[in-house]
Amino acid sequence: MKTDLHDLADALSRGDAGDISAALGLPGAPTLADKLRALIREGLTHAAAVYVFGEDQAASEPGLSAYIDRARATGTDELEFDPAPFVSPGGDPGAWVTAWVWVSDERAGVDDVDYSDGDGAPVCVWYSDAAGGWRWDTGEDSGGFDRIGPRGPFGSKGDAQQDAADTFGVVVFFDGMPDHYDGDPPAKSGGAADA
């Protein structure tokens, strides 16, 4: 059994029983995948993870920015890049840069999927530092904040999604504030779910 003393010392200093077990290689210790699933349950999104990986990489490997710049220059309406894409240098001279490719329902051969709240606007869910919890709102701009929102704060992303689903019957959500927001609105005084 191989023990990484640095990992063990770190786990002991935090008093994290799961990490201590993992550092010692004990059976039943939470794996990295278990820890990632726990973070997802707490609200970690794919977009946030990609951003952190890309931001950390850009800070530690600034020479990779040339690949990002060139990739962005080739972008189209169907090819988009995160604010801090991740770069994976290849075995050949060059690198892969993470990107999003748009595929319409028609091109995918599926029926139109309604990702909206019934009024035609997406439901957006985000963590609000200003409110100290999770919030949601529709993506429609009705000349200020919508008639319903923003709603929250909620203790978890799941609670915010459940409130939106109870309100609209929605099952699909978008991560992040609605595009029409200019910064995170301050929390209102009142209960856990301000209306």
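From least to most packed, judged by other beta carbons within 10 angstrom and beginning with the fewest, Val87, Val125 follow the order Val87, Val125.
Between Thr98 and Asp179, what's the calculated FRET efficiency when r is the beta-carbon distance and R0 is 25 Å? Round to 0.05.
Numbers: r = 22 Å, r/R0 = 0.87.
Rounded to the nearest 0.05, the efficiency is 0.70.
Taking the number of Cβ atoms within 10 Å of each Cβ as an exposure proxy, the fewest-first ranking of His46, His180 is His46, His180.
Quick note: the coordinates plus some simple rules give every number you see, no bench work behind them. Just so we're clear, the structure is a prediction, and the values are computed from it rather than from any experiment. Ideal geometry is used to build each Cβ from the backbone, glycine not excepted, and the neighbour counts take in all protein chains shown.
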